[in-house]
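Here the structure is laid out as structure tokens; the discussion comes afterwards.
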Amino acid sequence: MVNLRRAKFCLSTTNPNVSRDILDALVDSKCRLEEFDLSLIIPSSTRTMEVTREPEKLQIWSKLNLAVLKKLSLCVRTPRDLSLRSLLNELSSIGNMLSIAPTLTHIQLTVYDTVPMTLFDFTCPNLENVVIEVDTLGINTPQDPSILVDFFKRHPKLTALSLPSHVYAPTSSPYITVESLPKLVSLSYNSPIRVPLSQVLSPASARRLRHLTVTNKDASLKHSDLSIYKELTSLQTFCFTSETSLKTSYRNINRILTIFVTHVTSVEKVHLPDDGRELGGVYIKTLSILQRLPKLTHLSGLLLWSGDLLPQDPLLPELYRFSRLEYAIYSSITPSIFDDTCAFRLTRDSKTKCISVEEVSPKGRTLSGCDQATWGNLYRGMKIDR
């Protein structure tokens, strides 16, 4: 395996000897990996718990030659009864490994329960893309904003960023500024309660963004929180998801879009929460606001199925009023139901002022859905012939 450049493993400590043997062979091969994708599963069992109390037995993967590593994807799945000390030791070893990977540009880290702020102590001078996800958030304790601000300042080459909500705490000045992250163009923001986007992103940084995902938890946004959305003048793709009720979510969306469409004219792709048609007039109002975006070509999140869409459906005349809309895509942001994702090409008849819908989802495979981590392209994996 000396010439191996890319590796992907899913290892379980149910049989730790096998896992160690595989990774030992990888280390002994002296290969110089450029891309490494590791899913480390730590099941809950008596035998496994004996192993996990010795963190060094889980950290052999950190002995790899990291001199030319560019992309790292790491998923650490731990049982709920794993001691916090063992988990912190494991995450600390990840931080130590990242600090000795000088060429690293992309990090995707998925952990369970929590992410300690000590993880942000590492420094990778060439880092461009950071995605850190938490599957089940543990205790949400107040964080020190300076830790995150210092992390940003040490990584001025970052262009794409997605972090778990609990790392952000209320602060008097924005975390992200042009001075700290001058190259940031893609942001996925899972907003904690009482920490709106305006507290994280400075107006100058907002004007440089091209891709933005916002997951809102607040039932109602203050008027002072909305002014940041008029600064997104370079935005091309915009994804809005919510953890509140759909009706509350769309009220917030309408308030944001009313400000947004007046100032942001370059947006081409928009994703909204699913099942909007069940909201009736609230959703129709959302569509009427979006019609003011002159370059909008892709609208995702619609509950739109060609098989049961009737000519009298109120959605059709609303879609006809979009001057440049080419595709309507039913695409849930939830990975577990990507199988239901479908794309439809819209065709207008100017004489009859009607619109027809044709399903154009790739045959033989499903769309992989919205890339909520980076939004580098709105529909990752989707290929449609224009």
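Summary of computed values
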quantity: Looking only at the stretch 1-31, and only at residues there that are among the basic types (Lys, Arg) and in contact with a Leu (Cβ under 8 Å, 6 or more places away or on another chain), the one that is modelled with the lowest pLDDT; calculated: LYS8
quantity: Failed item, numbered, when LEU87 is tested on (1) touching a Gly at 6+ places or on another chain (Cβ under 6 Å); (2) modelled with pLDDT under 80; calculated: (1)
quantity: Residue match in the stretch 200-217 (condition: farther than 18 Å from ILE176 by Cβ and under 21 Å from the mean Cα position of the chain (by Cα)); calculated: yes
quantity: Count - residues of the stretch 189-204 that are open to solvent by 10 Å² or more (accessible area, probe 1.4 Å) and hydroxyl-bearing (Ser, Thr, Tyr); calculated: 2
quantity: Those residues of the stretch 108-132 which are part of a strand (DSSP E or B) and open to solvent by 10 Å² or more (accessible area, probe 1.4 Å), in sequence order; calculated: GLN108, THR110, TYR112, ASP113, ASN129
quantity: Subset of the stretch 192-224 [more than 23 Å from ARG154 (Cα to Cα) and small (Gly, Ala, Ser)]; calculated: ALA219, SER220, SER224
quantity: Filtered residue count, the stretch 312-326, keeping only those that are at pLDDT 80 or above and outside any loop (DSSP other than H, G, I, E, B); calculated: 4
quantity: Residue that is modelled with the highest pLDDT, among those in the stretch 134-146 that are closer than 10 Å to TYR168 by Cα and buried (at least 17 other Cβ atoms within 10 Å of the Cβ); calculated: PRO145
quantity: Of residues in the stretch 159-174 being of a type in the set (Ser, Thr, Tyr) and under 14 Å from VAL149 (Cα atoms), the one surrounded by the fewest Cβ atoms within 10 Å (Cβ to Cβ); calculated: SER172
quantity: Considering residues of the stretch 260-283 that are part of a helix (DSSP H, G or I), open to solvent by less than 40 Å² (accessible area, probe 1.4 Å) and at pLDDT 85 or above only, the residue nearest to LEU296 (Cα to Cα); calculated: VAL261
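The values are calculated or read from the model by the stated rules, or taken from the named source; none is laboratory data. Model, not experiment: these values are computed from the prediction. When we count neighbours, we look across all protein chains shown, and the Cβ atoms used for this are built from the backbone with ideal geometry, even at glycine. The accessibility values were calculated without ligands, DNA or RNA, using every heavy atom of the protein model including side chains. Shrake-Rupley method; radii C 1.70, N 1.55, O 1.52, S 1.80 Å.
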